[in-house]
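J.: So that we are looking at the same thing, I have put the structure below in structure tokens.
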Amino acid sequence: MTAVVKYDSVPSSAYNCPTSGKLARFRNGWEIESLCLGNDPLWCCVQLTSEDPNKYAWKQERPSVPSSPLFNMSLPVPQLFQPVSVGEMQLKHRIVMAPLTRYSSDSDRVPLKLVKEYYVQRASQPGTLIISEAMFIDERAAGYPHAPGLWSKAHIAAWKEIVDAVHAQGSFIYMQLWAHGRAAQPATLGKNAHVSASDIPLSYRPADEIKPRPLSTTEIAEYLELYARAAKYAVEDAGFDGVEVHGANGYLIDQFTQDVSNVRSDEYGGSIENRTRFALEVIDAVVAAVGPKKTGFRISPWNNYQDMRMKDPKPTFSYLLEQIKARHPDLAFIHAVEPRSVGEDVLDDDTLSEDISNDFIREIWASESRRLISAGGYKRDSAILDGEKGELIAFGRLFIANPDLASRLMHDYPLNPYDRDTFYLDGVSDPRGFTDYPFYAPETQLP
């Protein structure tokens with residue numbers, strides 16, 4: 001069985017073909033990296049079929065071995081592994097690194113030295129989109145120690161070095177814009193800086209802890225400026241390919257959007273139109289600063305993390321998405337967390353009722369070929385299935401443990417298990433669980 005696959009550019013890295021054990025080289029010095037599909041490595045015997053660099057193809061021949069349960073070379077390559085345009089980027093596949101807080105900055109919120117290696121490792125498959133760990137837009141929004149920020153010259157310089165290194169790998173990186181609101185630790189912020197949409201504290205915090213105070217309309221306007229400023233710093237100064245506005249997981253924007261945390265009686269509370277006003281104004285401000293094709297927005301309608309989860313989130317988030325679509329039809333993407341992802345847990349889809357689904361998001365946003373990134377508890381099989389809907393799929397914990405995750409998923413290689421105990425560095429420059437996970441090789445696999 002033979003299939004011919006055409007590519008738009010000359011591959012730059014080498015692949016050791018497992019059928020021969022010899023490096024595939026050609027007269028003009030090209031080295032070929034094959035795309036192995038299926039569970040059996042014998043799927044990838046490659047040869048150049050044309051010496052014209054402007055018109056060539058790879059021939060992939062499969063010996064007589066049982067076919068993969070997911071792939072057959074007589075069928076199209078799954079969309080998950082196909083190129084896609086997102087905003088102003090041309091990605092080579094649809095596997096995305098989700099934003100992952102690692103507390104990997106010093107006391108001044110400058111990333112530690114090993115952060116550069118961490119991102120370079122995960123950019124190793126060219127054409128990968130990385131969404132950075134969330135970064136505070138200003139000191140007043142920064143509620144945890146050792147999480148990064150982007151407002152000083154030192155922040156910008158450090159992140160520019162990281163971004164340049166990611167670009168050198170042929171990959172892309174967006175910065176996630178973050179403000180904590182009531183999720184912050186008051187001791188980190190100071191008495192008057194602990195703010196939210198309303199004065200509703202988190203239920204699990206100590207009873208004697210300072211309650212958050214509602215942001216005034218004047219302060220809301222200041223926050224809009226801070227979001228826009230951070231977006232400009234990210235794109236124009238640090239060189240990020242774009243920014244993702246963090247509107248999920250119970251942080252400040254989400255606190256305004258959902259009625260469980262917003263009981264205001266002014267123009268930012270009460271009705272759906274009022275509760276979504278802050279989110280829409282933030283997106284407007286960021287788009288005005290860097291453009292719609294460099295702006296994404298993340299939501300988590302079903303997540304109960306940090307006391308969230310409205311009784312029925314669909315009307316609120318449907319209105320929000322319809323407004324974004326009308327105002328910014330060229331927005332780079334919407335990034336939606338699947339309902340099975342609840343805090344640090346992942347539920348079995350079979351335990352969810354039929355009406356708990358992100359299909360309403362797909363109908364509103366993705367029905368007209370707009371880009372949707374889906375995240376939350378994905379494995380290879382489920383990612384391939386949702387990828388066939390045209391979605392990009394974001395992975396979090398699997399990307400922590402597998403710096404070459406995109407390659408592993410493409411080739412169906414086994415995955416390194418992650419160690420939850422090493423997720424957070426807390427400002428300590430320790431490579432364990434951060435930069436010491438191995439790339440795939442049979443002899444280096446973790447048990």
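Any read-out appearing in this document is the output of simple, stated calculations on the displayed coordinates, not a laboratory observation. Since this is a predicted model, take the numbers as computed values, not measurements. Counting neighbours? That spans all protein chains shown, and the Cβs are built from the backbone with ideal geometry, glycine included.
J.: Based only on the alpha carbon positions, what is the Kirkwood hydrodynamic radius of the range 275-323, in angstrom?
T.: Working: mean 1/r = 0.0829 Å⁻¹.
Evaluated over the range 275-323, this radius sits at 12.1 Å.
J.: Sticking with this one: Sorted from fewest to most neighbouring beta carbons within 10 Å, what does the list 316, 295, 101 look like?
T.: On the way: 316 20, 295 28, 101 17.
With the fewest neighbours first, 316, 295, 101 line up as 101, 316, 295.
J.: Check residue 105: other-chain or 5+ apart residues with amide H under 5 Å from its amide H, H built from backbone geometry?
T.: Excluding prolines and chain starts, which carry no amide H, the hits are 112, 427.
J.: Does the range 79-444 come out rounded, prolate or oblate, given a ≥ b ≥ c as the square roots of the eigenvalues of its C-alpha gyration tensor, rounded meaning a/c under 1.5 and, failing that, prolate meaning a/b above b/c?
T.: Values: a/c = 1.45, a/b = 1.22, b/c = 1.19.
Because its axes are fairly even, with a/c under 1.5, the range 79-444 counts as rounded.
J.: At a 10 Å Cβ-Cβ cut-off, how would you order 155, 328, fewest neighbours first?
T.: Numbers: 155 24, 328 19.
Least crowded to most crowded, the residues run 328, 155.
J.: Can you list the chymotrypsin sites (Phe, Trp or Tyr not before Pro) in the range 199-247 that are in a DSSP coil and have 14 or fewer other beta carbons within 10 angstrom? Display every interim value, and only then the final one.
T.: On the way: sites: 204, 223, 227, 233, 240; in loops: 204, 240.
Passing both the DSSP loop test and the Cβ count: 204.
J.: If you take the beta carbon distance between residue 363 and residue 218 as r and set R0 to 51 Å, what does 1/(1 + (r/R0)^6) give as a FRET efficiency, to the nearest 0.05? Could the numbers behind the result be given before it?
T.: Values: r = 38 Å, r/R0 = 0.75.
For R0 = 51 Å, the calculated efficiency reads 0.85.
J.: What list do you get for 437, 103 if you sort them by fewest beta carbons within 10 Å?
T.: Details: 437 25, 103 17.
Ranking 437, 103 by Cβ neighbours within 10 Å, fewest first, gives 103, 437.
J.: List the residues, sorted by chain then number, that are 5 or more residues from residue 173 or on another chain and whose placed amide H is less than 5 Å from its amide H.
T.: Amide H neighbours of residue 173, under 5 Å, 5+ apart: 130, 241.
J.: Hey, got a sec? Which trypsin sites (Lys or Arg not before Pro) in the range 110-194 land in a DSSP loop and have at most 15 other Cβ atoms within 10 Å? Kindly include the intermediate steps, with their values, before the conclusion.
T.: Working: sites: 113, 116, 122, 140, 153, 160, 182, 191; in loops: 113.
Counting only loop positions with at most 15 other Cβ atoms within 10 Å, the trypsin sites (Lys or Arg not before Pro) in the range 110-194 are 113.
J.: Here is a follow-up. Whole percent per 5 Å bin, from 0 to the bin with the longest distance: what is P(r) over all C-alpha pairs of the range 101-191?
T.: P(r) over the range 101-191, rounded to whole percents: 3, 15, 25, 23, 16, 10, 5, 2, 1, 0.
J.: May I ask which of 160/389; 116/153; 92/232 have a Cα-Cα span longer than 23 Å here? Mind showing how you got there, number by number?
T.: On the way: 160/389 35 Å; 116/153 17 Å; 92/232 26 Å.
Exceeds cut-off: 160/389; 92/232.
J.: Pull out a ≥ b ≥ c, the square roots of the eigenvalues of the alpha-carbon gyration tensor of the range 312-439, then state rounded if a/c is under 1.5, prolate if not and a/b is larger than b/c, and oblate in the remaining case. Don't skip to the end; give the middle numbers.
T.: Numbers: a/c = 1.86, a/b = 1.83, b/c = 1.02.
Cα axes put the range 312-439 in the prolate bin.
J.: For the range 288-338 and the range 202-241, what is the centre-to-centre distance using only Cα atoms, to the nearest Å?
T.: Each part reduced to its Cα centre gives a spacing of 17 Å.
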